[in-house]
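Below is one structure; the comments refer to it alone.
The values are calculated or read from the model by the stated rules, or taken from the named source; none is laboratory data. As the structure is a prediction and not an experimental result, all values here were calculated from the model. Here the Cβ is made from the backbone with ideal geometry for all residues, glycine too, and neighbour counts use every protein chain on show.
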Amino acid sequence: MKYGELSSNPVNVLLQLVGGKWKFLIIKELLIKEQRFVELKNKLGCTAKVLTASLRGMEQDGLIVRERYEGQPPKIEYYLTDIGYTLRPVVESMQKWGKEYKRLRKLMEKYKNETDISGT
């Protein structure tokens, strides 16, 4: 995405670049280590078409690098750029929030079930 196409709203910029399910999951995996296409596909469970489109877009946006190594067959790995690594605190914050939401949701459902039982 070209600079001029980016939103003036910072939150929208983030969503323009990594919105949707697969791009954030790709970043999460690449924060762990560089990975090959098949590794990402197997870990994420998405189709090759979706993964290819996501990786190409992220490469064009400067978030990841596609590195080709000669050999038979050629080996291609993906890794985060310095800009891509700046998403680490965003991913960590999302993981923390998701974990806390699940904890609170479990408590809410437990409380609701207890009040439903005692209320009848």
Name every residue in region 35-67 that is among the basic types (Lys, Arg) and either surrounded by 17 or more Cβ atoms within 10 Å (Cβ to Cβ) or out of contact with any helix residue (DSSP H, G or I) (no Cβ under 7 Å at 6 or more places or on another chain) (or both), in order of residue number. Arg36, Lys49, Arg56
Do any residues in region 9-26 that are part of a helix (DSSP H, G or I) have Cβ atoms under 8 Å from those of residues that are among the charged types (D, E, K, R) and surrounded by 17 or more Cβ atoms within 10 Å (Cβ to Cβ), where the two are at least six apart or on different chains, and which pairs are they? Leu17/Lys23; Leu17/Asp61
Output for region 1-18, where each listed residue is of a type outside the set (Asp, Glu) and exposed (fewer than 11 other Cβ atoms within 10 Å of the Cβ): Lys2, Tyr3, Gly4, Ser8, Asn9, Pro10, Val11
Some residue of region 97-120 being surrounded by 13 or more Cβ atoms within 10 Å (Cβ to Cβ) and either without any contact (Cβ under 8 Å) to a residue 60 or more places away in the chain or outside any strand (DSSP E or B) (or both): no
So which residues in region 60-77 are over 14 Å from the mean Cα position of the chain (by Cα) and either touching a residue at least 40 places away in the same chain (Cβ under 8 Å) or part of a helix (DSSP H, G or I) (or both), if there are any at all? Gln60, Asp61, Ile76, Glu77
Taking region 5-38 and keeping residues modelled with pLDDT of 95 or more and among the acidic types (Asp, Glu) leaves Glu29, Glu34
Quick one: which residue in Gly71, Gly62, Gly98, Gly84 is of a type in the set (Gly, Ala, Ser) and modelled with pLDDT under 95? Gly71
